[in-house]
Structures are given as structure tokens and as C-alpha cells.
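Engineer: Could you have a look at this structure, given as C-alpha cells, before my questions?
We did not get these values from a lab; they are worked out from the coordinates using the rules stated. No experiment lies behind these values; they were computed from the predicted model shown. Neighbour counts run over all protein chains shown; Cβ positions are idealised from the backbone, glycine included.
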Amino acid sequence: MQPDIQQLPLRDIHLPEPISWWPPAPGWLGLLVLFVLLLISALFIFRLRQKGRLRRASRAGIEQVFTAYHTHGNPQHLVDGLSVLLRRIALSHYPRSEVAGLTGDAWLEFLDHGVVNTWAQSGFSTGAGAVLALGPYKPHVDIDVESLQNICLQWVSNLPTEGYR
């Protein structure tokens, strides 16, 4: 004997509650954390590269002047170009009031010691860099090209990471 279906205490089908968008599954939280870390890393790398941009451009300019010298072999053009370039680099890194008026021995002293005295050498005052003071005004210049290139590149490497603002 089978019971009557109408008399059984059955209830209707109950559907589960709809899935909420919050809180997200752990995988989505991990993906969000990974995205934030990647964004912070990219920003950090971008700022780090921007800091050294002026220094890299300065080094490239010095390399370009010496490459032109090795191509043409004119020491007068080397000294002229290097004097102008070092002055521009110094004006980019230090206040104009402290750099623009320097000439002769004062200019070489500045190149040796700088405004903030981050690099105390004597390669410009008494070494190969001394040619920068009077070299542009002499018809014939004797230059130790390798020493001059090394001292200029060392000077640029010791400049502040950011330019003057």
C-alpha cells in the first residue's frame, strides 16, 4: 500500500541565495594584491630611471664629444666642445648664480670641488683637465685625451642624481 502523495508533508523546492560579489574569492584577492605590487614596482622603477636620466645624458654628451675628436682629430674642437658641454652640465646640476660666472682657475676649482664638495679631486686644476681653462683660447693645444676623458666621466658620475630645480 502506497501513501497518497497529496498527504505527504513535502515542501516546494528552495533555491539557494544568489551569490554575492563581496567578499570576493581568495583568488581574486591574490590577483588584486599582485596587481598593486606590480603597479608599485613599475612606479619605483620609472622614478629610479628618471633620476639618472640627466646623468646618462651628460655621459652620452661627453662620449659624443670624444667620438667626434677621434673621428676628426682636432684638439681645438675637443677642448671647445668639452668646455661648453661641461658648463651646460654644471648649469643643469647647480644653481646658475654659483656656476655661470666662473672662469679660468675658479671654473677649474669648481670642477674639482663643486658646490657641495661631493668629489674632491685636482684633475681639473692641476691634471689633464687644466687644458679647459686656456685651451679654447690657444691656437695649439697639447691634450692627454684618455686622462681628460676619464676625469670628465668621473666628474659626471659624481654629480648629484637630480638636477637643480
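Engineer: Of the options Phe124, Tyr137, Leu54, report the single residue whose Cα projects farthest towards the positive end of the charge dipole of the stretch 53-157 (beta-carbon charges: Lys, Arg +1; Asp, Glu -1).
Structural biologist: Leu54
Engineer: Right, another one. I'd like to compare 16-23, 123-130: which one has the highest average count of other Cβ atoms within 10 Å, and what's the full order after that?
Structural biologist: In descending order of packing, they fall as 123-130, 16-23.
Engineer: Near Ser122, within a Cβ-to-Cβ distance under 14 Å, what is the net charge of the other residues, with Lys and Arg +1 and Asp and Glu -1?
Structural biologist: -3
Engineer: Dividing the convex hull volume of the Cα atoms of the stretch 53-157 by its residue count, what figure in Å³ per residue is obtained?
Structural biologist: Spread over its residues, the Cα hull of the stretch 53-157 gives 85 Å³ apiece.
Engineer: With the contact rule set at Cα under 8 Å and sequence spacing of 6 or more, what percent relative contact order holds for the chain?
Structural biologist: Taking the mean separation of contacting Cα pairs over the length of the chain, I get 25 percent.
Engineer: In whole Å and largest first, what semi-axes does the C-alpha gyration tensor of the stretch 49-91 yield when each eigenvalue is scaled by 5 and square-rooted? Present the calculation step by step, with values, prior to reporting the outcome.
Structural biologist: Working: eigenvalues 98, 29, 3 Å².
Semi-axes, largest first: 22, 12, 4 Å.
Engineer: Over the alpha-carbon set of the stretch 1-54, work out the extent along each principal axis and list the three values in angstrom, largest first.
Structural biologist: 96, 16, 10
Engineer: Students often check this: by mean Cβ neighbours within 10 Å, which of 36-43, 50-57 ranks highest, and how do the rest follow?
Structural biologist: Order by mean packing, descending: 50-57, 36-43.
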